[in-house]
Amino acid sequence: MIRLVIADDHPIVRAGLHALFSLEPDLEVVAEAATPDEAVACAERENPDVVLMDLQFGSQTTTTGVDATRRIRALEAPPYVLVLTNYDSDADILGAVEAGASGYLLKDAPPHELTAAVRAAAAGESALAPVIASRLLDRMRAPRVSLSSREIEVLELVAAGRSNSEVAEQLFVSETTVKSHLAHIFSKLDVTSRTAAVSAARRKGILR
């Protein structure tokens, strides 16, 4: 029996997933979580095989599914984490994979693909939606036009309206380092301003 925790802030989504998994003889939902902190607590308490994790949990919490994934994977006997989300930007995908997610699916995935991904994750295998696998392969084939995870972090903060000094403070680096990252970003995206960089990154699917 594969034991599951469902982590999503929408009750209807959790109910739908619960109903889907109840039809499978080898899948059992042992807990549901509405926040990232609850997801971590459930993973500690229930010792599941797989945690199905959304990335965004509404404006009530500042933590994300990536934060929860990182904490869950740091547990003494960590379950596998399978991301199930609406978001497919490079920033979301890289963040989840680097946090330790075993798989990444979009919420429009057909039921059979989702149940297969859960079984694959429980077996320690990678479970990536075709569009996500394609995106990662594209990054590998064309690394020269891809931003690093730190460059994406910088650009996300710029997109949120942060100044260079605020970006530096949040990332615990110097303002000179931030300027260096921005210079590399401008070069890679072939732009000359912060606004143009954000616009280009969104157009290319790097930022949400």
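The values are calculated or read from the model by the stated rules, or taken from the named source; none is laboratory data. Just so it is clear, the structure is predicted and the values come from calculations on it, not from any experiment. Virtual Cβ from ideal backbone geometry, glycine too; neighbours counted across all protein chains shown. Remember, those area values only see protein heavy atoms, side chains included, never the ligands or the DNA or RNA. Shrake-Rupley method; radii C 1.70, N 1.55, O 1.52, S 1.80 Å.
Checked against (1) in contact (Cβ under 8 Å) with a residue 40 or more places away in the chain; (2) crowded, with 17+ Cβ neighbours inside 10 Å, V66 passes all but a single condition, namely (1). Could you list, in sequence order, all residues of region 11-43 that are in a loop (DSSP other than H, G, I, E, B) and over 14 Å from T64 (Cα atoms)? Matches in region 11-43: L23, E24, P25, D26. All of A109, A120, A116 fail the test of being in a loop (DSSP other than H, G, I, E, B) and either over 16 Å from V5 (Cβ atoms) or in contact with a Cys (Cβ under 8 Å, 6 or more places away or on another chain) (or both), apart from A109. Restricting region 181-204 to residues that are assigned to a loop (DSSP other than H, G, I, E, B) and of a type in the set (S, T, N, Q), the residue that is most open to solvent (accessible area, probe 1.4 Å) is T192. Checked against the criterion of being buried (at least 24 other Cβ atoms within 10 Å of the Cβ), touching a Phe, Trp or Tyr at 6+ places or on another chain (Cβ under 7 Å) and at negative phi, region 108-117 has no qualifying residue. Pairing residues of region 162-189 that are among the acidic types (D, E) with residues that are surrounded by 14 or more Cβ atoms within 10 Å (Cβ to Cβ), at Cβ distances under 7 Å and at least 6 apart in sequence or on separate chains, gives E175/N164; E175/A168. Looking only at region 163-180, count every residue that is surrounded by fewer than 18 Cβ atoms within 10 Å (Cβ to Cβ) and either of a type in the set (A, V, I, L, M) or in a loop (DSSP other than H, G, I, E, B) (or both) and tell me the total. Going through region 163-180 one residue at a time, the tally reaches 5. Entry remark, region 51-63: residues being surrounded by 19 or more Cβ atoms within 10 Å (Cβ to Cβ) and either of a type in the set (D, E, K, R) or assigned to a loop (DSSP other than H, G, I, E, B) (or both) number 3 in total.
What residue, of V131, V81, V154, is crowded, with 16+ Cβ neighbours inside 10 Å, of a type outside the set (D, E, K, R), farther than 23 Å from V29 by Cβ and free of Cβ contacts under 8 Å to residues at least 60 places away in the same chain? Residue meeting the stated conditions: V154. Applying the condition of being among the acidic types (D, E) and more than 21 Å from the chain's Cα centre (by Cα) to region 1-50 and asking which residue is surrounded by the most Cβ atoms within 10 Å (Cβ to Cβ) yields E46.
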